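Notes follow the structure.
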Amino acid sequence: MPTVSDRLAQTVVARVLEPVLEPHFPPDSSGSRPGKSAIQTLGVARQRGWRADWVLALEIKGFFDNSDHALLLRALRKHPACPWVLLSVARWLQAPVQGQDGTLVQRGQGVPQGGCGSPILANLFLHYAFDAWMHREHPSISFERSAEDSIAHCRSAAQAPWLQARIATRLAQCHLALHPTTTPMVYGTDADRRGTFPQERFDFLGSTFRPRRSKNRRGASLINCTPAVSARATKAMRQTIRSGRLPLRSDQTLAELARRFHPSLRGWGQYYGQYDKSALYPTFRVLDRIVVKWALRKDKKLQGHQRRATHWLGRIAQRQPRLFVHWQMGVRPAAGR
């Protein structure tokens, strides 16, 4: 991780480079860019998926560890800024990494992760390695990219593997490679495309795109390929909830527990609940069950009576529906009779 002084210097360089580079970046890339959000990218991918039958989900293998320094500095020279900016970037890229045992490891490639200037340098590299190349060589194929992850919308089953081979060749020219196990060719099954294929789902930006039942503007039910929270993101959220060790926090009140999880629950709901919030409900119920375990240790009258503790929490949710964020969304424990 960079030191505090390095972070300050990288922030200054990033602010100098941003107005110089941003006008050249296309709207199809959105990773760590001002005015661009992952939610917007998911919405664009969702709409474009309705028009194209096939999706090619791409992930660059070890981009932040394998990006070529010479190519990155070459791309930076195409957009002249202050001379000290190029000098500072070159020094950061070539600076050795200190391990936990104090040894220094020289870096010949890669962009330091965790640095304030790394996102804009990564976007610059991938702009020439992928974005600009796609617009130049395949202008009819739409795509979305966020950092090293991207998806391309193809018109036919033959076009997808052909494009994958072309992209692999292009990335090899830039000393990069596609991840061998996370580059699926997916068929966008929906109400109008009823074929059955081995791969009908893919992950992008923490969400899983797959056929789901939804309603159109007229209220009619149909099958639509839409995003919702992925299994990997769900696992990470549940680990975050369990890492709080709530059952052992008998010294805290229920309101204090709610305030503790308020930022996380709010963020999860705003991001992953944008298109299919019901996929979050099982994770929210996990939190309720853990709070019930807390109540069993907190209140002697509830010890050994899990159902009574669940109904006790449910009655509190009825009286104070705004205490927990997910209670505001209607996900509440049973209150009993």
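The values are calculated or read from the model by the stated rules, or taken from the named source; none is laboratory data. Bear in mind that the values here come from a model prediction, so they are computed numbers and not experimental data. So basically every Cβ, Gly included, is an ideal-geometry build from the backbone, and we count neighbours across all protein chains shown. Areas reflect the complete protein model, heavy atoms only, side chains present, ligands, DNA and RNA absent. Shrake-Rupley method; radii C 1.70, N 1.55, O 1.52, S 1.80 Å.
Which of the listed residues, 208, 72, 54, is farthest toward the dipole's positive end in the chain, when Lys, Arg count +1 and Asp, Glu count -1 at the beta-carbon? Towards the positive end, the residue furthest out is 208.
Between residue 162 and residue 278, the contour length at 0.36 nm per residue exceeds the alpha carbon distance by 38.1 nm. Taking every protein chain into account, the accessible area of the range 97-169 amounts to 46 square angstrom per residue (probe 1.4 Å).
The three principal axes of the Cα atoms in the range 139-186 give end-to-end lengths of 28, 23, 21 Å, sorted in falling order. Straight-line cross-link reach from residue 61 at under 14 Å between alpha-carbon atoms covers these aspartates and glutamates, not counting any fewer than eight positions away in the same chain: 148, 149. Tell me the relative contact order for the chain as a rounded percent, counting alpha carbon contacts under 8 Å between residues six or more apart. In percent, rounded to a whole number, it is 17. Sequentially through the range 6-13, phi angles give Karplus couplings (6.51, -1.76, 1.60; θ = phi - 60°) of 5, 4, 4, 5, 5, 5, 4, 5 Hz, Gly and Pro residues having no value and appearing as x.
Computed 3J(HN,Hα) for the range 35-47, one whole-Hz value per residue from the Karplus formula 6.51 cos²θ - 1.76 cosθ + 1.60 where θ = phi - 60°, is x, 10, 10, 5, 5, 4, 5, 4, x, 5, 4, 5, 5, glycine and proline marked x. Modelled spin labels at residue 299 and residue 7, positioned 7 Å past Cα toward Cβ, are 4.2 nm from each other. Extension gain for the segment residue 307 to residue 334, taken as residue separation times 0.36 nm less the Cα-Cα distance, is 8.8 nm to one decimal.
Where does the range 180-334 land on Rg/Rh, using Cα atoms and the Kirkwood Rh? When Rh is taken as the Kirkwood radius, the ratio is 1.07.
Please state the charge dipole magnitude for the chain, taken about the Cα centre, from unit charges on C-beta atoms (+1 on K and R, -1 on D and E), reported in debye and rounded to the nearest 20. Dipole about the Cα centre, nearest 20: 2200 debye. For the range 129-135, 3J(HN,Hα) computed residue by residue from phi via the Karplus equation (6.51, -1.76, 1.60; θ = phi - 60°) reads 6, 10, 4, 5, 5, 4, 5 Hz, glycine and proline entered as x. Net charge in the neighbourhood of residue 172 (other residues with Cβ under 12 Å of its Cβ; Lys, Arg +1, Asp, Glu -1) is +2. Measure nothing but the geometry: give the 0 to 90° angle between the long axis through the Cα atoms of 83-94 and the longest principal axis through the Cα atoms of the chain, rounded to 10°. It is inclined by approximately 70 degrees.
Each principal axis of the Cα cloud of the range 232-285 was taken in turn, and the coordinate range along them, longest first, works out to 38, 20, 15 Å. Taking all protein chains in place and a 1.4 Å probe, what share, in percent, of the accessible surface of the chain do carbon and sulfur account for? In the chain, the share of accessible area belonging to carbon and sulfur is 50 percent. Amide H contacts of residue 202: 209, each under 5 Å away and 5 or more positions distant or on a separate chain (H built 1.01 Å from N in the peptide plane; Pro and chain starts excluded).
Calculated from the alpha-carbon coordinates, the chain shows an Rg and a Dmax of 24.1, 73 Å respectively. Annotation: amide H-H contacts under 5 Å for residue 29 (H modelled 1.01 Å from N, sequence separation of 5 or more, or interchain): 145.
Extending 7 Å from Cα along the Cβ direction at residue 232 and again at residue 256 yields two label points whose distance is 3.7 nm.
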